[in-house]
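This report refers to the structure that appears directly beneath it.
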Amino acid sequence: MKKKIAVTYENGQVFQHFGHTSEFKVYTIEDGAVTAAEVLPTNGSGHGLLADFLLLNGVSAVICGGIGGGAKAALAEKQIELFGGVSGDADACVAEYLKGTLAFNPSIECSHHHDHDHENCGEHGDHHCGGHCR
């Protein structure tokens with residue numbers, strides 16, 4: 001069975017703010033292995049609109065760093081599985097996801113925007129609410 005997983009993406013890494021990601025790396029998975037990957041620009045779509053963007057591209061799961069409540073709700077409404085609070089190399093994180101060893105934070109929620117302290121959203125350089133992929 002074919003499945004698509006998207007990762008918020010910037011310079012090979014998991015981008016740390018879902019609603020501000022300018023691109024996703026979308027991985028096609030078949031028989032437990034990556035068979036294709038492509039980087040898709042969001043073309044300015046943000047926050048809740050990103051759920052529609054992912055759905056239109058056939059994505060059923062997303063890996064990201066921080067994410068706000070509205071975006072979490074939009075993903076849930078579209079039945080897109082969320083793995084938040086993740087940081088590190090995007091390809092390595094997908095490999096861990098496929099092995100069932102991806103460390104993530106199911107309760108991640110960045111409830112603040114702009115000028116914030118990053119305490120709860122996995123955005124601070126040495127604080128991660130989930131796991132780091134090498």
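Any read-out appearing in this document is the output of simple, stated calculations on the displayed coordinates, not a laboratory observation. Values in this document were obtained by computation on a predicted structure and should not be read as measured data. Please note: Cβ atoms are built from the backbone with ideal geometry, for glycine as well, and neighbour counts cover all protein chains shown.
List the lysines whose Cα sits under 22 Å from the Cα of Lys2, skipping any in the same chain fewer than 8 residues away.
Reachable lysines: Lys25, Lys78, Lys99.
If I stretch the segment between His132 and Ala33 completely, what's the gain in nm (0.36 nm per residue apart, minus their alpha carbon distance), one decimal?
Working it through step by step, the gained length comes to 33.6 nm.
Given the peptides 71-81, 97-107, 14-24, arrange them by the average over their residues of other C-beta atoms within 10 Å, most packed first.
14-24, 71-81, 97-107
Under a crude label model (7 Å from the Cα following the beta-carbon direction), how far is Leu40 from Ser60 in nanometres?
1.5 nm
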